[in-house]
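The block underneath contains the structure these notes are about, expressed in structure tokens.
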Number of protein chains: 4
Amino acid sequence: MSDIELLLDADGVRAYLLEVWPQVNGAWQIESLSSGMARLRKQTLPSELRPGGTVSGPTLMALADSAAYVLVLGLLGRAALAVTSSLHIDFLRRPVEGELIAEAELVKLGRSLVTTSVRLGNDSPAKPFDRTKPVAIVSATYSRALV
Amino acid sequence: MSDIELLLDADGVRAYLLEVWPQVNGAWQIESLSSGMARLRKQTLPSELRPGGTVSGPTLMALADSAAYVLVLGLLGRAALAVTSSLHIDFLRRPVEGELIAEAELVKLGRSLVTTSVRLGNDSPAKPFDRTKPVAIVSATYSRALV
Amino acid sequence: MSDIELLLDADGVRAYLLEVWPQVNGAWQIESLSSGMARLRKQTLPSELRPGGTVSGPTLMALADSAAYVLVLGLLGRAALAVTSSLHIDFLRRPVEGELIAEAELVKLGRSLVTTSVRLGNDSPAKPFDRTKPVAIVSATYSRALV
Amino acid sequence: MSDIELLLDADGVRAYLLEVWPQVNGAWQIESLSSGMARLRKQTLPSELRPGGTVSGPTLMALADSAAYVLVLGLLGRAALAVTSSLHIDFLRRPVEGELIAEAELVKLGRSLVTTSVRLGNDSPAKPFDRTKPVAIVSATYSRALV
């Protein structure tokens, strides 16, 4: 969807988030942002693990939601009044502690709704992130106005 | 679905969670548990709010997932090897800080999947929890074996 | 949600559908319609069955979508420009040929989105429709404007 | 997911479907089938259109479900006892009469569940199918055993 332009680049989104949502600072990093894709990286915390070292489901849901939000901010800019209107997640493989990647792809920038498809996975030197074998796949929709 | 019996009652689930998942202690309380419904109560934390006092989406998703998990533990018992396999949430109304309720209703106890329908809402003396006007509605499915 | 009034009652919706969507005539009947719930009844057709007598998934999805649409028409009236924006279905039990019921409950009438929760099941003299043991449960969202 | 082998190729699935589900014959064609992707093509019928020439939602849901089923049959073979366990669809753009494409991508072949991601769109000489601008995006999960 290369015919769409970003209103905020990665640095612009980082600066905006520091202003309006400072408590998220450090929870994850924006690795890259284009008009078609936002990529976030996160180091899991001990509190986000379940017995056995599995990353908790809500941790994955929060990261997917954040990746979609970063993409929405890039597309709609600082004034964005956008809230998650729905989210669907399928848990597919066991995520382990360490580095997680979330890639949010734009599938529709509509007048009232923005729809993204997000894939999550671990990333390590031995086993780099592989979009075709995600630990979870998400459809996240943001509403541009209050529903 | 009154023909199904609980293997663990509310006290049994509380004791089990203290053993295997102590970090969740205090995040929410089990108000009631039957074979057809689990009801959780939660006091929102400052870290769970967004600017303006809205409760964050991941906070609602985590509470819904927990309510479904409590129901699954009650039905399947201590030995339960159950993981969330999918979750769908529609965000409907603006949740505010304070007390939240999550009611997880059993819709199918299958041999491989357990499906629940969860409704979330605020609860206050002035405006008690109303199942017909939820802030969010969730379908959460647990897998009884590793997928 | 008794504080909402219908703009069209069941007869009004039937008349409107005969005008704008005549090919659906006879596929199902509106049993009842209130501002909180639409109930449809359908007799399965041989072409809607799979080997073994199971009702096909798309047949259930279509019936759920129709039940939500009837509720939306009742609430928004004849001029309604409303399209399905998302639908989530969990298939729970094996539906058999014969009579099917779909009950669509209103969970949110928003300014841009209308969200419904639909339960489907068989209905027969020997085994009447039971909302607590549905063959499928659906979340269907309509958009009041083109997305 | 190139490390997975097909048990049935496109011709094998076509032959199997003629045996067990002859009424689907002609509703769509299998264009290609690999272990990672099934691609179906369909010509819309007048009965599948809504006023204005839009393709009905259930038509898209049925085509997505079929594409996922063809992929599942290819992976699991003739003896496959597989039923749709859940389906989530986001309707994104207005589909028009003519040729439709559905591409079902394998995201997880699990022991009990098979998860696919399906994209649907129109295809015409003037405007070929574009996976990045789908008319709808679907997550469809099949259960390998009765749920």
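May I ask you to verify whether C:Val13 is of a type in the set (Val, Ile, Thr), under 27 Å from D:Ala136 (Cα atoms) and either within 9 Å of another protein chain (Cβ to nearest Cβ) or crowded, with 19+ Cβ neighbours inside 10 Å (or both)?
Numbers: of a type in the set (Val, Ile, Thr): yes; under 27 Å from D:Ala136 (Cα atoms): no; either within 9 Å of another protein chain (Cβ to nearest Cβ) or crowded, with 19+ Cβ neighbours inside 10 Å (or both): yes.
Answer is no for this residue.
Somewhere in the range A:69-91, is a residue at pLDDT below 95, in a loop (DSSP other than H, G, I, E, B), open to solvent by 60 Å² or more (accessible area, probe 1.4 Å) and not basic (Lys, Arg)?
Looking through the range A:69-91, at least one residue is at pLDDT below 95, in a loop (DSSP other than H, G, I, E, B), open to solvent by 60 Å² or more (accessible area, probe 1.4 Å) and not basic (Lys, Arg).
What number of residues within the range D:92-111 are open to solvent by 30 Å² or more (accessible area, probe 1.4 Å), touching a strand residue (DSSP E or B) at 6+ places or on another chain (Cβ under 9 Å) and farther than 25 Å from A:Ala140 by Cβ?
3
Against the definition (free of Cβ contacts under 8 Å to residues at least 60 places away in the same chain and in contact with an Asp or Glu (Cβ under 8 Å, 6 or more places away or on another chain)), how does C:Thr54 come out, yes or no? Before the answer, list the steps.
Values: free of Cβ contacts under 8 Å to residues at least 60 places away in the same chain: yes; in contact with an Asp or Glu (Cβ under 8 Å, 6 or more places away or on another chain): no.
No: the conditions fail for C:Thr54.
Could you please give the count of residues in the range C:1-29 that are part of a loop (DSSP other than H, G, I, E, B) and basic (Lys, Arg)? Spell out the reasoning first.
Initially, the range C:1-29 is screened for residues part of a loop (DSSP other than H, G, I, E, B), giving C:1-9, C:21, C:26-27.
The next check asks that each one be basic (Lys, Arg); those that pass are none.
Here the count works out to 0.
Give the number of residues within the range D:81-132 that are free of Cβ contacts under 8 Å to residues at least 24 places away in the same chain and touching a helix residue (DSSP H, G or I) at 6+ places or on another chain (Cβ under 6 Å).
The qualifying residues number 0.
Considering only residues of the range D:27-64 that are β-branched (Val, Ile, Thr) and over 19 Å from D:Ser117 (Cβ atoms), which is surrounded by the fewest Cβ atoms within 10 Å (Cβ to Cβ)? Full working, then the answer.
If we filter the range D:27-64 for residues that are β-branched (Val, Ile, Thr), which is where we start, we get D:30, D:44, D:54-55, D:59.
Add one more test, that the residue is over 19 Å from D:Ser117 (Cβ atoms), and what stays is D:44, D:54-55, D:59.
Details: D:Thr44: 19, D:Thr54: 16, D:Val55: 24, D:Thr59: 23.
It comes out as D:Thr54.
In the list D:Trp21, D:Trp28, which residue meets the criterion of being at the interface with chain C (Cβ under 10 Å from one of its Cβ atoms) and not polar (S, T, N, Q)? Working first, answer last.
Details: D:Trp28 fails: at the interface with chain C (Cβ under 10 Å from one of its Cβ atoms).
The conditions single out D:Trp21.
Could you check, for the range B:13-28, whether at least one of its residues is within 22 Å of C:Lys108 (Cβ to Cβ) and of a type outside the set (Asp, Glu)? Spell out how you get there, then give the answer.
Let us first name the residues in the range B:13-28 that are within 22 Å of C:Lys108 (Cβ to Cβ), namely none.
No, every residue in the range B:13-28 fails to be within 22 Å of C:Lys108 (Cβ to Cβ) and of a type outside the set (Asp, Glu).
For every residue, the table says whether it meets (1) within 12 Å of chain A (Cβ to nearest Cβ); (2) modelled with pLDDT of 95 or more; (3) in a strand (DSSP E or B).
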| position | (1), (2), (3) |
| --- | --- |
| D:Glu103 | no, yes, yes |
| D:Lys108 | yes, yes, yes |
| D:Thr115 | yes, yes, yes |
| D:Leu120 | yes, yes, yes |
| D:Lys127 | no, yes, no |
| D:Lys133 | yes, yes, no |
| D:Ala140 | yes, yes, yes |
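Does C:Gln29 fit the bill of being within 30 Å of D:Leu17 (Cβ to Cβ) and free of Cβ contacts under 8 Å to residues at least 40 places away in the same chain?
Values: within 30 Å of D:Leu17 (Cβ to Cβ): no; free of Cβ contacts under 8 Å to residues at least 40 places away in the same chain: yes.
Against the criterion (within 30 Å of D:Leu17 (Cβ to Cβ) and free of Cβ contacts under 8 Å to residues at least 40 places away in the same chain), C:Gln29 does not qualify.
The values are calculated or read from the model by the stated rules, or taken from the named source; none is laboratory data. All values derive from a computational prediction rather than experimental measurement. Positions of Cβ are backbone-derived with ideal geometry, glycine not excepted, and every protein chain shown enters the neighbour counts. Protein only, heavy atoms only, side chains kept; ligands, DNA and RNA dropped before computing areas. Shrake-Rupley method; radii C 1.70, N 1.55, O 1.52, S 1.80 Å.
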